Every structure is written in C-alpha cells, then in structure tokens.
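All remarks here apply to the structure that follows.
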Amino acid sequence: MSSGAGEDPFLALGLPRRADLTDDDVRAAWRRIAAATHPDRDDGGDPARFGAAAAAYAVLRTAYDRGETLANLGSAASPRSPGPSPRPGARARAGRLAVRAAVTAAVGAGAFAAAGWAPASIGVAAGALTWLAVTARHDLPPRRPWS
C-alpha cells in the first residue's frame, strides 16, 4: 500500500473526498474491500490492506466523522499554515466539554444532597455520567490513526 493511502482514509476505501458521500457509500466500499482482502480468505487475503480499510471505515463511518476528516485533511494540505495549529473551534469544544462536566457534577451533587445515598440518587448520578459520556464524544479531538 502506498504511503498516501495510509494518510487518507478516503483513498484507503477507494472513495473520492466528497462531503456528500452517504453512509451506504462508505459501507459498500468497506464491504467490497473487506471481501477481497480479509485474512480468512483461502488465498490469505491482504491483512495490511484489510487493516487499513478497517481503520478508514471506523473514521468515515458517519457523516459527522466524514466532515471532521475532510476538515482535518483540508487543513493538513493547506500551504497557509507552516506548522501544526489547533483546529478552528478546538477552544469552543473544550469549553463545551467543561460545561457538560460541570452540569454532570451539579446534577450528581444535587441528587445526593436531596436524597442521600439512596438508590434513586445513585441512578440519577449514573444517568448524568452516561449523558456526559454520550454527548462529550463530539467535544473530544477526533481519532487520528493516520498520523
């Protein structure tokens, strides 16, 4: 596999770099490559290409992830910035994550202050932590297995 495919998940799946790709487009490309390169094939497949395609599919699986990847690839190819710089919105993401963590702590503390260590307050705190885990993943930096 060429080094370009290792850095660009779109190339690893044989897809064009387009924002209008659907989940079905990405899934079909993944299945096509997986069927042709899976290590369990009689001919041994191509484990390296299969692994690269699996990682690319994990990065491009949703529309949100494709948009993030396109933005990251676009900023990496930009000749304007001589070195790595924080992505636009990184500070806003950190702020949103801090607010979500504070809300979670406040909800948990309020539940324990109102009911003590009762099962209901433990459930409310667990629900708040679950909410934080589910919603905070969009505020974390994207996965970058390509660097």
With the first residue restricted to segment 55-67 and required to be in the same structural domain as Ala12 (by TED's automatic domain parsing) and within 13 Å of Arg17 (Cα to Cα), and the second required to be assigned to a loop (DSSP other than H, G, I, E, B) and hydroxyl-bearing (Ser, Thr, Tyr), Cβ contacts under 9 Å at 6 or more apart or on different chains are Ala63/Thr22
Being closer than 17 Å to Asn72 by Cα and either of a type in the set (A, V, I, L, M, F, W, C) or touching a strand residue (DSSP E or B) at 6+ places or on another chain (Cβ under 6 Å) (or both) is the filter; apply it to segment 7-40 and report the residue that is surrounded by the fewest Cβ atoms within 10 Å (Cβ to Cβ).
Ala19
Got at least one residue in segment 81-95 being among the basic types (Lys, Arg), in a helix (DSSP H, G or I) and modelled with pLDDT under 85?
yes
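The values are calculated or read from the model by the stated rules, or taken from the named source; none is laboratory data. Being a predicted model, the structure only gives us computed values, none of them experimental. Neighbour counts are summed over all protein chains in view; Cβ atoms, including those assigned to glycine, are modelled from backbone coordinates with ideal geometry.
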